Each structure stands twice: as structure tokens, then as C-alpha cells.
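To start, the structure itself, in C-alpha cells.
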Amino acid sequence: MQPIDTGKAYDQITHLWQREGFDRTNGIAQHEKALSYAKNSGLALDVGCGCTGRFIDLLLSHGFTPQGIDISQKMLQLAQERHPNIEFIHADICQWQPSNKYDFITAWDSIWHVPLAQQEALMTKLMSMLTKDGVLIFSAGGIEEPQQHTDDAMGVEVYYGTLGFKKHLALIDQCGCVCHYVEYELHCYFIVQRT
């Protein structure tokens, strides 16, 4: 499968998240559920934060000090305009080396753009970045086995891949974390806590 520059693809479609009809409540109820497991409200990280700032706002309202990371320069420019006092990092999450541990990490609708061959290492890395009792919420494709594809439904070709439901559960266990909640449909999500 040909590699796709996800950052450049998303630079071209920021308007989709800025349009009047964009549902800013998407993912909020799920994050509220994940936040109910958080025991500490220190540093938080929004992986693939995009430009809407809705999870940054939510984390701030719960007393966290959030950071955002995204591979799209245009998304980050818009995010910084919305939240000038928040630290945003322009980097590939797979290559980026954090200097902190996090009490809360969200990777909502983002890790499925990471090449399938790199996803296991990335998920292991994200769980290792959690403090004791730290919480991770992430979404993934709701299928049993690993799969990857590209499509241009958003107007530019974008890559999608997932390790599959069974592999995610196995990795959570291997990383010394517990899965508190999973919703398993076409679009599934996991709430994980480091023990």
C-alpha cells in the first residue's frame, strides 16, 4: 500500500471541522465516561488533536493541563489560534519522544491513520506514557482482525488501519493496563487505565 502523507492530507481539509454543521459533541460523552476513571488531574495529551479544541476545553474544565499533538501544521495553527495558552506540538506521534508522563491521554479518531505496521509500537508507547492510574481513551475500527485501506470520502485520499479488537485487548493486558470499558461497533472505543 502506498504511503500517504496524513499531515498534508489534513492540511487540505481543515474546513470540514470548521463548518457550521460540525458536531462538536462528537466524542464528548465518551470522554466524560473516561474522565470518571481519572484519579489525578495533572498533564493530559490530545493525540491528533485537530483544530476544534473540544477535548482541550473538556480537559481544562476538569482541571487538567492539556497539550495537543498533531501531524497537520494547518490543524495546529487553527488550534493555537483557538487556545493561545496551550502547548501544541507539530510532530509524528510515532517519532515524538515525550519528556513527561500523563494522567490522561486521548487518541480519538487519530491512531487509525498510523500505518498498521507501526500501530502496535504506538499503542505500547501511549500506555507506557501513562502515570500510575493514568487513563487512555482511544477509538479504532470495530473489526476483529487487523485491516487497512485508503479512501477519499473526505475529499482527499486518507489511510486507515486497525489492529483489530482482539489485538487491542491483548496489548492492553501485556502493557499492564486494564480495559474498563469498550464499545464495539463499526466505530469502537476503549477506556484503559494503567494499574
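Qualifying chymotrypsin sites (Phe, Trp or Tyr not before Pro) in region 1-109, where qualification requires a DSSP coil assignment and no more than 16 other C-beta atoms within 10 Å, comprise Phe22, Trp96.
Just report the Cα centroid separation between region 154-173 and region 32-105, whole Å. Centre-to-centre (Cα) distance: 21 Å. Here's the picture: charge each Lys and Arg Cβ at +1 and each Asp and Glu Cβ at -1 in the chain, and of Pro115, Cys51, Ile86 the one pushed furthest to the positive end of that dipole is Ile86. In the chain, the sites counted are trypsin sites (Lys or Arg not before Pro) in DSSP loop states with at most 13 other Cβ atoms within 10 Å, and the longest stretch holding none of them, exclusive of the sites, is 40-195. Taken about its Cα centre, the chain carries a charge dipole of about 560 debye when Lys and Arg each add +1 at the Cβ and Asp and Glu each add -1 at the Cβ. Compared with the alpha-carbon gap, the fully stretched path from Thr14 to His187 is longer by 60.1 nm at 0.36 nm per residue. Sorted largest first, the principal axis extents computed over the alpha-carbon atoms of region 1-62 equal 42, 30, 18 Å. Shape verdict for region 76-195, please, from the Cα gyration tensor: rounded (a/c under 1.5), prolate (a/b greater than b/c) or oblate. Because a/c hits 1.5 or more and a/b fails to exceed b/c, region 76-195 counts as oblate. The GNM of the chain, with springs linking C-alpha atoms under 10 angstrom apart, assigns the highest mean-square fluctuation among Leu16, Leu59, Leu130 to Leu16.
Spacing of the modelled spin labels on Lys39 and Thr131, each 7 Å from Cα toward Cβ, amounts to 1.1 nm.
No lab work stands behind these numbers, since they all come straight from the coordinates. These numbers were taken from a predicted model, which means no experiment stands behind them. Cβ: placed from backbone, ideal geometry, glycine included. Neighbour counts: every protein chain shown.
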